[in-house]
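The values are calculated or read from the model by the stated rules, or taken from the named source; none is laboratory data. Predicted model, so just to flag it, every value in this text is computed and none were measured. Every residue, glycine as well, gets a Cβ built from its backbone with ideal geometry; the counts of neighbours run over all protein chains shown.
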Amino acid sequence: MRHSQLVELTKLTFICVLTLSSSIVRGNDLTIAPNSTTIDRSELIKDFEREPVGLDGVSLPPDYAAQLEDIPIENFDLWDRIRKGYAIPDLNNPLVATQTTWYSSRPEYLQRISQRASRYLFHVVQELEKRKMPTEIALLPFIESAFNPQAFSSAKAAGMWQFIPSTGRDYNLKQNAFRDERRDVLASTNAALNYLQKLYGMFGDWQLALAAYNWGEGSVSRAIAKAEAAGRPTDFNGLSAFMPAETRNYYPKLQAVKNIIATPAQYGVKLPMVENQPYFVSIKKTRDIDVKLAAQLAELPMEEFRALNPQFNRPVITGSPTTQILLPESNAEKFKENLSNWTKALSSWTAHKVTAARERIESIAARFKTTPEIIREANSIPANMHPKAGSTVLVPKLASAPDKDISQDIADNAMLSVEADEPPRKKISVKVSKRDTIDSIAKRYKVKVAEIRQWNDMKNDKLSPGQSLKLEVRAPKKAKVKSDKGVDSKRPAHGKSEHQRQQRN
């Protein structure tokens, strides 16, 4: 323990005592609650044994260290730190009561989300405090994504903070075939807090800023104009009548979680201990490395590695001066050590740009000496789909270039678009009648005029009666065989957050 810390601790413990005398007043029971570091009692005692001085250099009695055994030491966990930073005025309305009841009646659900949140909360709180923002905003992912950085909604919002593609681009979150920074823990948190600060600057009210985060700043501005025209208040409660149901309930949900975190025992909720210290550290990665190998070198289960690094869309992490991976501190040390001893290739993947309009996955697989199944799995391409021209697909490295990384330009601009495979075609011959034109034949056989020209080496569209044309027409689809078993035609609710599913049930 540093001398300055020691002096500060002494001030907290004995400031009243030393105003009376320089001796120890026995029987004091002081609680010392440091903000962010854990105090080891044995180290504290050793420090005082080595340097027994109090305020302003006043010497302390020889038995001072022994008396420390009677002083209870209690550490704040991260929940305490969040509570201390609450700064948004409380909202009171019937919706808050309803949402508080909903959450408090599901303690297992809160426990599950809290455990998941424990990886990310320290970083979020630290960033909020740096910006002097209310710390209850750290609880917003409870509402947005249930703290699941892999969450994806039906509105195509992704990540812990649920950015839609356009807003993500507005806040410089890269979205390409190799990574989606809307799911990146560091990048998305920075973007979300930037956005919230902008909204607070617009409205001067955190409740309205949060409503705008959900509904859009334009919608909130129009609601304010309507309320003013109607002579109604323009606070959250006043604007609720102009909001859709989702936004009307949005801040009440956050207020409900805030209430429960403030006094969990009152609601019969037991929060898991979340240490008031960093869960992870970041490591820069300038070379490509397979995701599987990175987890292996860090000695982390793949599930945990993915939870900290959910932004990587493919089996490879493309290296760059800005690429970083997150690991628990002890695993980061293991990663560095194991990496220094690794003698094989770090990545087994490279990129291939599809240039032909109809380049099949089978031909790509043959070219790179692999199987269509491996190409589909690595690039998440469903069966009966193929990549469009201009797409970049991940393929295994060839032996001729084992150490060549994917260029940063390709990685940053790689996009993947797919379309359905066309059914196989069959070749037929058609005799031209007197009334036929190239347009009428194309329409009749559901082909393109350009295709007819190509198949028949035609220089113009002129046809002669009796002329024979070669066509390639789509084979008729096979009739579907009905099963005698009942089939549930309802599709699963894709993209719903855990909270939405719980609410629905």
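Annotations for the structure displayed:
- Residue in the range 254-271 that is under 22 Å from Ser407 (Cβ atoms) and among the charged types (D, E, K, R) present: no
- Residue in the range 154-161 that is in contact with a His (Cβ under 7 Å, 6 or more places away or on another chain) and more than 19 Å from Ser282 (Cα to Cα) present: yes
- Candidate set: the range 270-284, residues that are surrounded by 20 or more Cβ atoms within 10 Å (Cβ to Cβ) and among the hydrophobic types (A, V, I, L, M, F, W, C); chosen: the one farthest from Ser118 (Cα to Cα): Phe280
- Pro252 being out of contact with any strand residue (DSSP E or B) (no Cβ under 8 Å at 6 or more places or on another chain), part of a loop (DSSP other than H, G, I, E, B) and not β-branched (Val, Ile, Thr): no
- Candidates Arg182, Arg169 - the one that is of a type outside the set (Val, Ile, Thr), assigned to a helix (DSSP H, G or I) and at pLDDT 95 or above: Arg169
- Filtered residue count, the range 152-161, keeping only those that are surrounded by fewer than 24 Cβ atoms within 10 Å (Cβ to Cβ) and out of contact with any Pro (no Cβ under 7 Å at 6 or more places or on another chain): 5
Rundown of residues vs (1) aromatic (Phe, Trp, Tyr); (2) outside the structural domain of His123 (by TED's automatic domain parsing); (3) surrounded by 14 or more Cβ atoms within 10 Å (Cβ to Cβ), yes/no style:
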| residue | (1), (2), (3) |
| --- | --- |
| Leu196 | no, no, yes |
| Leu199 | no, no, yes |
| Asp205 | no, no, yes |
| Ile224 | no, no, yes |
| Gly231 | no, no, no |
| Phe236 | yes, no, yes |
| Phe242 | yes, no, yes |
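- Whenever a residue of the range 333-349 is within 17 Å of Ala378 (Cβ to Cβ), its partners that are surrounded by 16 or more Cβ atoms within 10 Å (Cβ to Cβ) and of a type in the set (Gly, Ala, Ser), lying with C-beta atoms within less than 8 angstrom and at least six residues away or across chains, give the pairs Trp349/Ala378.
- Pairs with Cβ under 8 Å, 6+ apart, first in the range 134-151 and of a type in the set (Phe, Trp, Tyr), second modelled with pLDDT under 95 and surrounded by fewer than 24 Cβ atoms within 10 Å (Cβ to Cβ): Phe142/His499
- 2 or more residues within 30 Å of Val418 (Cα to Cα) and in contact with a Pro (Cβ under 9 Å, 6 or more places away or on another chain): qualifying strands (runs of 3 or more DSSP E) within the range 263-376: 349-353
- Which numbered condition Ser440 fails, given (1) within 32 Å of the chain's Cα centre (by Cα); (2) surrounded by fewer than 17 Cβ atoms within 10 Å (Cβ to Cβ): (1)
- Looking only at residues in the range 242-280 that are under 23 Å from the mean Cα position of the chain (by Cα) and without any contact (Cβ under 8 Å) to a residue 40 or more places away in the chain, the one that is farthest from Arg81 (Cα to Cα) is Glu246.
- No other residue among Arg287, Arg248, Arg182 is closer than 30 Å to Asn379 by Cα, charged (D, E, K, R) and surrounded by 18 or more Cβ atoms within 10 Å (Cβ to Cβ) apart from Arg182.
- Residue check for Lys446: over 26 Å from Ile364 (Cβ atoms), exposed (fewer than 15 other Cβ atoms within 10 Å of the Cβ) and not hydrophobic (A, V, I, L, M, F, W, C): yes
- Helices (runs of 4 or more DSSP H) lying entirely in the range 80-151 (those with 3 or more residues that are surrounded by fewer than 19 Cβ atoms within 10 Å (Cβ to Cβ)): 94-104, 107-117, 121-130
- Qualifying residue in the range 154-166 (condition: closer than 18 Å to Gln324 by Cβ, assigned to a loop (DSSP other than H, G, I, E, B), in the same structural domain as Gln126 (by TED's automatic domain parsing) and touching a strand residue (DSSP E or B) at 6+ places or on another chain (Cβ under 9 Å)): yes
- Looking across the range 344-369 at every residue that is modelled with pLDDT of 95 or more and polar (S, T, N, Q), the one that is nearest to Phe178 (Cα to Cα) is identified as Thr350.
- Residue in the range 185-201 that is assigned to a loop (DSSP other than H, G, I, E, B) and not acidic (Asp, Glu) present: no
- Residue check, Ala442 at pLDDT 90 or above, in a helix (DSSP H, G or I), touching a helix residue (DSSP H, G or I) at 6+ places or on another chain (Cβ under 7 Å) and not β-branched (Val, Ile, Thr): yes
- Residue match in the range 211-225 (condition: within 19 Å of the chain's Cα centre (by Cα) and either at pLDDT 95 or above or farther than 30 Å from Ser407 by Cα (or both)): yes
- Flag for Pro492 being over 30 Å from Thr100 (Cβ atoms), in a loop (DSSP other than H, G, I, E, B) and either at pLDDT below 90 or not hydroxyl-bearing (Ser, Thr, Tyr) (or both): no
- Among the residues of the range 204-242, those that are farther than 25 Å from Glu136 by Cα and assigned to a loop (DSSP other than H, G, I, E, B) comprise Ala230, Gly231, Arg232.
- Scanning the range 226-233 turns up no residue that is touching a residue at least 24 places away in the same chain (Cβ under 8 Å) and of a type in the set (Asp, Glu).
- Asn172 being of a type in the set (S, T, N, Q), more than 30 Å from Ser320 (Cα to Cα) and assigned by TED's automatic domain parsing to the domain that holds Gly85: no
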